[in-house]
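Step one of this worksheet: look at the structure below.
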Amino acid sequence: MRYLGIDAGGTLTKLVYEEHGRYHYKVFDSKKLPQMMNWIRLTSPDSKLFLTGGKAEKIKMLVPESAVFPEFKSIEEGIRKLVHTQNEKLDRYILVNIGTGTSFFKVAPNEFSRVTGSGMGGGMFIGLGALLTGTDDFHELVEMSENGNREAVDLMVKDVYEGDDSPVPDYLTAANFAKLGSGAASTKDVTRSLTNLIAETVILLSHQLAVSHRCQKLVFIGSTLIANSPLKEDLKQFETLLGCQCVFIENGSFSGSIGALRLGLKSLGISQNSH
């Protein structure tokens, strides 16, 4: 572990290192950076740190000899490496990075540009999740969501039309959280409704961008997707309706840290063979 790539985000800090030609991954709470630094000092005290992300400068203050790389450039470097390894047929797409908030990028062979962003993301999931359920533990919230039924919370199109023909599919949401006042929903149901609210908003924004930029493929990365099958399911439910393809990149949440590592090694003239 001579070299470490670190993406210090608003909620999570993602760390990548290379051993025997393969990347290895670790995640730390961004509120507990001293714990990560202790881990680094214990396991690899002489390692060179390549940093990116909103809290990169905080780490650089602790380790002045570390190098900081621009966040979007790091994401581009990392996602192009992951896509090349996992799905070489992806050449033109909208990249959706669901972290604390969500950023949207247009990606083509010779282009990588951020086109818009949204406050919908993991920060909202944790913050509103804590208000609605009493816990701010991301993994607990995901588990609750996995076992919840949003139809106990959301007013569905089929609830409005009550069996009559509707102009849109009956499984769509007519109004998020509209049934919450009835008192019949559990915290699991509420959490699943929150997950779906985020998914609906993100996928609709993504689709609008895909149409305007003439892309059919939506590529999703970001720390909010880590072990979050409910969010992935709720994003994919619109594929057929919107005529788009949702692609989830393995270890995509580490794009920034992989990119920082690769940019750092390039700056030192070191060849890279990781896959």
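The values are calculated or read from the model by the stated rules, or taken from the named source; none is laboratory data. The shown structure was predicted, so the numbers you read here are calculated from the model rather than taken from an experiment. No Cβ is skipped: glycine too gets one built from the backbone with ideal geometry, and neighbour counts run over all protein chains shown. Note: accessible area is taken over every heavy atom of the protein model, side chains too, but ligands, DNA and RNA are not part of it. Shrake-Rupley method; radii C 1.70, N 1.55, O 1.52, S 1.80 Å.
Before moving on, here are some points about what is shown:
- Members of 81/232; 73/217; 106/179 lying beyond 27 Å, as alpha-carbon distances in this model show: 106/179
- Over the chain, accessible surface divided per residue gives 48 Å², non-protein components excluded, 1.4 Å probe.
- Computed [θ] at 222 nm, deg cm²/dmol, the chain (DSSP H ≥ 4; -39,500 (n - 2.57); rounded to nearest 500): -12500 deg cm²/dmol
- Helices meeting the span-like rule in the chain (full DSSP H runs, Cα extent of at least 30 Å along the helix axis, mean Kyte-Doolittle score of -1.0 or higher): 187-212.
- Entry note, region 113-238: relative contact order of 28 percent, from Cα contacts under 8 Å with a spacing of 6+ residues.
- Taking every DSSP bridge with both residues inside the chain, close to 65 percent are antiparallel.
- Carbon-plus-sulfur accessible fraction, region 1-152 (probe radius 1.4 Å, protein heavy atoms only): 49%.
- Note on residue 229: accessible area is roughly 40 Å² with a 1.4 Å probe, heavy atoms of protein only.
- Rounded, prolate or oblate (a/c below 1.5 giving rounded, otherwise prolate when a/b exceeds b/c) for region 1-70 by Cα gyration tensor: rounded
- Considering only 8, 61, 27, the residue lying farthest towards the positive end of the dipole of the chain is 61, judged by Cα position with unit charges set on Cβ.
- FRET efficiency for the pair residue 159 and residue 214, taken as 1/(1 + (r/R0)^6) with r the Cβ-Cβ distance and R0 = 30 Å, rounds to 0.25.
- The label point for residue 62 and the one for residue 35, both projected 7 Å from the Cα toward the Cβ, are 1.2 nm apart.
- Mean Cβ count within 10 Å, highest first, over the residues of peptides 2-14, 81-93, 164-176: 2-14, 81-93, 164-176
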